[in-house]
Amino acid sequence: MDEEQKDRILIVLTILVAILVFGISHYLSLDDEYVFGASVSDESVFEVNLTTGIKYKFLIDGGLIGGPVSIDVTISKGSYVPFDESFRTDPMDTFTVYYPYEPMFTVKENGTYQVHVNPSSGSCKIAIFDTNS
């Protein structure tokens, strides 16, 4: 393989990495359609205003490396719990994908909800997406 071929391969690989990094960062860019977003590395509780009649999607971005193997998430308002999931991923996967994958939920009443997140280790980004937007 001559130097010209090596340079072409390097350019193509650089472009592919740039596209991948841009795609992942854009995935959770927290634009207007996200009603909530946060970076999490420890057990945390957040507040979010949710509305009836809207279907929400819960998203997790563990990044390329270092994301938690498991994340427990509960969304509640008092004793009412519209969302309670334990997310898991395969640590052998090249890309961190959490299952269940992007689950959806709705709420029965408007108001402020507690989002309790407990990652096993590492850090990740979480978001709640308004699918009606």
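Please treat every number below as a calculation from the coordinates, not as lab data. All figures in this text were calculated on a predicted structure; none of them were measured in a lab. Don't worry about glycine lacking a Cβ; one is built from the backbone with ideal geometry, like all the others, and counts go over all protein chains shown.
Lysines near LYS55 by alpha-carbon distance under 21 Å, same-chain residues fewer than 8 away left out - which ones?
LYS77, LYS108, LYS125
All other residues with a Cβ under 14 Å from the Cβ of PRO119 taken together, and with Lys, Arg as +1 and Asp, Glu as -1, what is their net charge?
Taking every other residue near PRO119 into account, the sum is -3.
What nm value, rounded to one decimal, do you get for the distance between THR106 and ASP7 when each label is placed 7 Å out toward the C-beta?
Simple spin-label model gives 6.0 nm for this pair.
Of the listed peptides 75-82, 110-117, what is their order by residue-averaged count of other C-beta atoms within 10 Å, with the highest listed first?
By packing density, highest mean first, the sequence is 110-117, 75-82.
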